[in-house]
Amino acid sequence: MATDAPVQDIDGLEIERGHIHSKAAGATAVAVALSRSVEQMGVVRTARTLARLNQVDGFDCTSCAWPDPATGERHLAEFCENGAKAVAEEATLRRIGPEFFARHSISELAGRTDYWLGQQGRLTHPVVKRAGSDHYEAISWDDAFALVADRLAGLGSPDEAVFYTSGRTSNEAAFLYQTMIRAYGTNNLPDCSNMCHESTSVALAETIGIGKGSVSLKDVQEAGLVVIAGQNPGTNHPRMLSALEIAKKNGAKILAVNPLPETGLMGFKNPQHVGGVVKGVDLADEYLPIRIGGDMALWQAVGHLLLRWDSESRAAGGPGVVDHDFLAQHTVGFESYAEGVRDLDWDLVDRATGLSREQVVRAAEMFRDSPATVVCWAMGVTQHRHAVATIKEIVNVCMLKGDIGRPGAGLCPVRGHSNVQGDRTMGIWEKVPDHFLDALGEEFGFEPPRKHGHDTVDSIRALRDGEAHVFFAMGGNFVAAAPDTDVVEAAMRKARLTVQVSTKLNHSHAVCGEEALILPVLGRTERDLTGGREQAITVEDSMSAVHASRGRLAPASPHLRSEVDVVCSLGEALAARLADRPGAGNGAALAGIDWAGFRSDYTNVRRSIARVVPSAAAYAEKVERPGGFVLPHPPRDSRTFPTKEGKAVMTTSPLDLLEVPEGKLLLQTLRSHDQFNTTIYGLDDRYRGIKLARRVVMMNEADIAAHGLVDGQVVDIASHWEGEDDRWARDFRVVAYPTPVGCVASYYPESNPLVPLSSTAEGSNSPTSKSVVVSLHPARSGGRHQGTDGEMRDTGDSMDGHARRDDVQPHVPS
Ligand SMILES: Nc1nc2c(c(=O)[nH]1)N[C@H]1C(S)=C(S)[C@@H](COP(=O)(O)OP(=O)(O)OC[C@H]3O[C@@H](n4cnc5c(=O)[nH]c(N)nc54)[C@H](O)[C@@H]3O)O[C@H]1N2
Ligand SMILES: Nc1nc2c(c(=O)[nH]1)N[C@H]1C(S)=C(S)[C@@H](COP(=O)(O)OP(=O)(O)OC[C@H]3O[C@@H](n4cnc5c(=O)[nH]c(N)nc54)[C@H](O)[C@@H]3O)O[C@H]1N2
Ligand SMILES: [Mo]
């Protein structure tokens with residue numbers, strides 16, 4: 001049977017090394033997708049599940065936020081290897097119930113890897129950890145809701161609770177969740193966006209007036225130039241490669257900007273057509289192996305060159321290269337921008353980018369010669385100190401060429417979680433604008449709190465400093481995903497109550513508050529019969545397209561509830577608790593909301609969404625159309641820019657280089673091919689040729705020699721931040737890899753202990769997960785503890801819940 005989960009963490013001492021692949025996908029991807037699916041689901045369920053994936057009458061893929069092709073253009077198997085793995089994780093036949101928690105103490109679970117935890121299977125029952133206990137035990141749903149309501153009402157103020165959201169939550173659940181939280185009385189709504197594309201949302205809102213990308217899938221396919229900066233699409237958005245393949249066939253050039261020669265940037269073999277499996281296409285026409293954090297300098301240099309060539313061309317009576325009509329009609333700030341980049345410090349550009357002058361010029365020529373350009377970016381751009389300023393420079397260059405609001409051109413931030421953009425649209429935002437709160441208050445007859453709430457980083461501080469006492473998570477794995485693992489773990493253990501609404505076991509269940517609850521919910525693949533009828537939910541993709549999703553599989557357990565049900569039931573319990581015994585929170589506001597009506601028919605939720613969410617009029621009706629509908633986007637639709645100025649804003653930012661002290665390196669933390677964030681599917685980073693090991697640090701050969709290390713050596717990594725004690729992560733294996741000199745890379749979340757809580761992007765407060773100053777030291781353990789799954793073994797204390805903490809004790813290297 002396909003249901004056996006690993007009994008023990010994989011614990012070999014090997015790492016397997018292969019070559020870096022030159023083309024992504026191909027037949028191997030299909031084979032891997034199928035074998036992983038069969039492993040988790042068996043043959044019949046695999047066939048039934050994958051056939052429904054991303055089809056009009058099926059369910060939306062739970063992996064990334066890349067959009068689906070138009071209704072008539074979908075392949076029979078509209079999925080990718082990693083989408084199939086994501087679905088297999090959820091549709092697995094493995095189960096864990098109360099007997100599992102009786103067998104495994106919480107401190108034992110805290111010593112397990114996220115890989116092992118995730119492989120145990122789907123959660124089947126609500127469970128509780130009572131104060132003082134080291135085990136979860138079964139609890140009824142009613143008792144669980146009463147417990148949460150009681151602890152929330154018992155706080156000094158609603159602001160002492162924090163409500164996290166991960167980006168898989170449906171629009172319906174997200175909308176009701178933020179309604180409940182604001183009716184209760186706080187805006188403490190941190191979400192995964194705070195660690196993800198927040199820098200994008202901030203930069204775009206300030207410059208084009210809306211924090212979302214401006215392109216459609218068709219624009220990508222029809223672009224003259226597609227730039228892919230700081231993104232690894234072959235692994236994280238594999239279906240994007242099909243769009244790039246079409247773009248190339250239509251004549252597009254591709255410019256890849258990335259410290260690593262990621263396989264999915266270089267080539268693609270489309271598994272959907274036979275010819276593709278055989279030959280494949282080359283993707284990047286130009287690849288810039290930029291230094292970590294060098295992007296701002298690159299974009300300023302491109303702007304500088306475009307303006308110079310424009311003047312030269314016009315002086316010679318030519319047509320110029322810059323769209324002055326667009327600039328005059330639609331932008332403000334051009335003059336000061338032009339002045340700012342006129343005297344570019346080329347020395348600084350050279351040092352920041354690590355690129356040759358020829359490479360930079362060639363890149364700028366590609367912009368110059370492109371009739372229409374789409375710029376795509378992801379975490380390699382957003383998770384830096386100067387991320388917001390860098391994205392504004394991307395916008396500047398697009399403005400120069402009038403590359404917004406016309407076919408084949410625009411800004412394309414590629415979102416992460418499949419519904420992270422939708423959750424924001426639904427009000428999951430600690431700083432939601434007043435007009436949203438006005439509409440919400442109007443709809444439900446209460447006065448929402450106006451004070452901005454805590455984002456992710458500030459929520460950790462509030463818990464750490466004893467200012468918040470209850471942590472509630474709608475999905476996700478906050479403890480493992482957040483920066484500064486040691487700090488976040490201590491903060492979480494200080495909480496009075498932690499509640500995790502989850503599908504699968506993860507580290508945040510094991511590092512919990514004095515009291516803790518796990519509330520198991522339906523996943524998107526499963527039939528939702530809440531209220532006795534078949535319910536659909538809706539999601540929004542990276543390109544603002546909203547559509548319905550219907551799960552088809554039988555739920556993993558009869559005890560599961562939907563996220564909508566959980567929110568409605570908690571809203572009712574909290575209203576009842578506050579009516580009986582007044583406490584913290586607005587009981588009247590909660591009591592005035594028709595939770596039962598929402599639970600019985602999600603169409604009622606969509607009707608409220610239509611009245612509250614901007615531009616969502618007739619939401620309930622529009623999502624019923626096959627393929628759904630696209631939310632309006634003024635810059636994209638009509639070149640109108642809803643900024644204060646009424647025009648797009650060009651900005652000037654001083655070029656600032658992150659100086660790395662002598663002997664130190666800049667570390668980026670990234671994803672392997674075999675994980676979805678903290679969910680680890682397996683130990684095979686196939687395209688990069690790294691197998692069995694996750695505790696690795698990819699490093700340039702010259703750096704390995706210069707630092708007196710050898711390829712394969714086991715090292716401890718220290719991170720250095722502004723006078724604070726060094727942070728440590730131990731026992732990482734050095735892997736020689738083509739990354740620029742001075743730049744190293746390690747997998748997330750194993751490297752999260754190294755990301756300082758206070759090191760955040762200016763303007764967005766996102767952790768700088770892609771630029772951590774580190775140094776490497778021969779391992780204190782001598783390499784004895786290197787386990788292939790990234791867990792340390794034979795430390796003698798590896799099961800007391802502190803094994804992972806072993807890597808953060810201060811240690812002065814000799
Ligand atoms: N299979 C799978 N799919 C996923 C996810 C997953 O974990 N697994 N996660 C989802 C989520 S939430 C997100 S946000 C996205 C993440 O998608 P990505 O942003 O592609 O994810 P990362 O692995 O963080 O990769 C960042 C890329 O940026 C590059 N990079 C690092 N620093 C710099 C820099 O300074 N400049 C430039 N130009 N590049 C740099 C890295 O080399 C790497 O290729 O994917 C989503 N989809
Ligand atoms: N160092 C470093 N840290 C990072 C990043 C990085 O690049 N480097 N990336 C950041 C980014 S981009 C992001 S988005 C965050 C991700 O942070 P999170 O979104 O918090 O983390 P995930 O690993 O995606 O969460 C996985 C868990 O979600 C639960 N889950 C899955 N599906 C469902 C569902 O349908 N409903 C519910 N209720 N629960 C479900 C499962 O229990 C699973 O264990 O991490 C951030 N952290
Ligand atoms: Mo993300």
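The values are calculated or read from the model by the stated rules, or taken from the named source; none is laboratory data. Here the structure is a predicted model, which means the values were calculated and not measured. Positions of Cβ are backbone-derived with ideal geometry, glycine not excepted, and every protein chain shown enters the neighbour counts. Side chains included, ligands, DNA and RNA excluded: accessible areas come from the protein's heavy atoms. Shrake-Rupley method; radii C 1.70, N 1.55, O 1.52, S 1.80 Å.
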Item to check | Unmet requirement for Ala297, which otherwise passes all of (1) under 18 Å from Ser370 (Cα atoms); (2) open to solvent by less than 20 Å² (accessible area, probe 1.4 Å); (3) modelled with pLDDT of 95 or more | outcome: (1)
Checklist entry - Going by the conditions given, is Gly476 within 15 Å of ligand 1 (Cβ to nearest atom), open to solvent by 10 Å² or more (accessible area, probe 1.4 Å), modelled with pLDDT of 95 or more and over 19 Å from Leu155 (Cα atoms)? => result yes
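Count, please, the residues in segment 359-400 that happen to be of a type in the set (D, E, K, R) and open to solvent by less than 20 Å² (accessible area, probe 1.4 Å).
Restricting attention to segment 359-400, the residues satisfying the condition of being of a type in the set (D, E, K, R) are 362, 365, 368-369, 385, 392-393.
In the following step, the residues that additionally are open to solvent by less than 20 Å² (accessible area, probe 1.4 Å) were identified as 393.
Result for segment 359-400: 1.
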Item to check | Extreme residue, nearest to Ile609 (Cα to Cα), among residues of segment 158-185 that are in contact with a His (Cβ under 9 Å, 6 or more places away or on another chain) and more than 14 Å from ligand 3 (Cβ to nearest atom) | outcome: Val162
Checklist outcome for this item: In segment 152-170, residues that are surrounded by fewer than 21 Cβ atoms within 10 Å (Cβ to Cβ) and within 20 Å of the chain's Cα centre (by Cα) total 0
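To keep it simple, each residue is scored yes or no on (1) over 29 Å from the mean Cα position of the chain (by Cα); (2) within 21 Å of Arg636 (Cβ to Cβ).
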position: His304; (1), (2): yes, no
position: Ala316; (1), (2): yes, no
position: Phe326; (1), (2): yes, yes
position: Ala352; (1), (2): no, no
position: Leu355; (1), (2): no, no
position: Pro371; (1), (2): yes, yes
position: Val374; (1), (2): no, yes
position: Val381; (1), (2): no, yes
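Return yes or no: is Ala556 of a type in the set (A, V, I, L, M) and either touching a Pro at 6+ places or on another chain (Cβ under 9 Å) or at pLDDT below 95 (or both)? Can you show your working first?
Details: of a type in the set (A, V, I, L, M): yes; either touching a Pro at 6+ places or on another chain (Cβ under 9 Å) or at pLDDT below 95 (or both): yes.
Yes.
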Checklist outcome for this item: Residue hits (segment 213-255; part of a helix (DSSP H, G or I), within 14 Å of ligand 1 (Cβ to nearest atom) and small (Gly, Ala, Ser)) are Gly234
Next on the checklist: Take Ile210 and tell me if it is more than 16 Å from ligand 3 (Cβ to nearest atom), in a helix (DSSP H, G or I) and not basic (Lys, Arg).
Outcome noted: no
Next on the checklist: Tell me whether segment 683-701 contains one or more residues that are among the hydroxyl-bearing types (Ser, Thr, Tyr) and part of a helix (DSSP H, G or I).
Outcome noted: yes
Checklist outcome for this item: In the set Ala149, Ala173, the lone residue that is buried (at least 24 other Cβ atoms within 10 Å of the Cβ), within 16 Å of ligand 2 (Cβ to nearest atom) and under 30 Å from Gly97 (Cβ atoms) is Ala173
Checklist entry - Counting only residues that are more than 11 Å from ligand 2 (Cβ to nearest atom), surrounded by 24 or more Cβ atoms within 10 Å (Cβ to Cβ) and of a type in the set (Ser, Thr, Tyr), how many does segment 515-548 have? => result 2
Checklist outcome for this item: Expected single match for open to solvent by 30 Å² or more (accessible area, probe 1.4 Å) and within 16 Å of ligand 2 (Cβ to nearest atom) among Arg406, Arg415, Arg424 is Arg424
Checklist outcome for this item: Listed by range, helices (runs of 4 or more DSSP H) wholly within segment 261-345 having at least 3 residues that are within 16 Å of ligand 1 (Cβ to nearest atom) are 263-266, 295-315
Checklist entry - What is the number of the single condition among (1) part of a helix (DSSP H, G or I); (2) over 28 Å from the mean Cα position of the chain (by Cα); (3) crowded, with 19+ Cβ neighbours inside 10 Å; (4) not β-branched (Val, Ile, Thr) that Gly585 does not meet? => result (1)
Item to check | Evaluation of Asn171 against (1) within 27 Å of Gly72 (Cα to Cα); (2) not assigned by TED's automatic domain parsing to the domain that holds Glu447 (one fails), failing number | outcome: (2)
Checklist entry - With (1) touching a strand residue (DSSP E or B) at 6+ places or on another chain (Cβ under 8 Å); (2) of a type in the set (A, V, I, L, M, F, W, C); (3) within 16 Å of ligand 2 (Cβ to nearest atom); (4) open to solvent by less than 20 Å² (accessible area, probe 1.4 Å) as the list, and Ile460 as the residue in question, which single condition is left unmet? => result (1)
Item to check | Candidates Ile228, Ile208, Ile246 - the one that is away from ligand 2 (no atom under 16 Å from the Cβ) and touching a Cys at 6+ places or on another chain (Cβ under 6 Å) | outcome: Ile228
Checklist outcome for this item: The lone condition Asp191 fails out of (1) of a type in the set (D, E, K, R); (2) open to solvent by 10 Å² or more (accessible area, probe 1.4 Å); (3) within 16 Å of ligand 3 (Cβ to nearest atom) is (2)
Checklist entry - Tell me, which residue of segment 589-615 that is without any contact (Cβ under 8 Å) to a residue 24 or more places away in the chain and part of a loop (DSSP other than H, G, I, E, B) is least open to solvent (accessible area, probe 1.4 Å)? => result Ser615
Next on the checklist: Exactly one condition in (1) among the aliphatic types (A, V, I, L, M); (2) outside any strand (DSSP E or B); (3) more than 20 Å from Leu657 (Cα to Cα); (4) outside the structural domain of Glu540 (by TED's automatic domain parsing) is false for Val374; which is it?
Outcome noted: (2)
Checklist entry - Does any residue in segment 175-196 that is within 30 Å of Lys770 (Cα to Cα) and among the small types (Gly, Ala, Ser) come within less than 6 Å, Cβ to Cβ, of a residue that is within 15 Å of ligand 2 (Cβ to nearest atom) and open to solvent by less than 10 Å² (accessible area, probe 1.4 Å) six or more places away or on a different chain, and which pairs are these? => result Ser193/Val420
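Among the residues of segment 495-514 satisfying the criterion of being under 19 Å from Asp565 (Cβ atoms) and of a type outside the set (A, V, I, L, M, F, W, C), which is farthest from ligand 2 (Cβ to nearest atom)? Full working, then the answer.
Looking only at segment 495-514, we keep the residues that are under 19 Å from Asp565 (Cβ atoms), and these are 499-504.
With of a type outside the set (A, V, I, L, M, F, W, C) added as a condition, the list becomes 500, 502-504.
Working: Gln500: 7, Ser502: 4, Thr503: 4, Lys504: 4 Å.
Among those that are under 19 Å from Asp565 (Cβ atoms) and of a type outside the set (A, V, I, L, M, F, W, C), it is Gln500.
Scan segment 686-713 residue by residue and report those that are acidic (Asp, Glu) and under 12 Å from Thr739 (Cα atoms).
So the first thing to find is which residues in segment 686-713 are acidic (Asp, Glu), and the list is 701, 703, 711.
Listed by number, the residues that qualify are Glu701, Asp703.
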Item to check | Condition check for Pro634: closer than 17 Å to Thr179 by Cα and within 27 Å of the chain's Cα centre (by Cα) | outcome: no
Item to check | Where a residue in segment 719-746 is under 24 Å from Asp295 (Cα atoms) and its partner, wherever it lies, is within 16 Å of ligand 3 (Cβ to nearest atom) and outside any strand (DSSP E or B), with Cβ under 8 Å and at least six apart | outcome: Ser719/Val755
Checklist entry - Among the residues of segment 658-672, how many are over 26 Å from the mean Cα position of the chain (by Cα) and either crowded, with 16+ Cβ neighbours inside 10 Å or within 16 Å of ligand 2 (Cβ to nearest atom) (or both)? => result 2
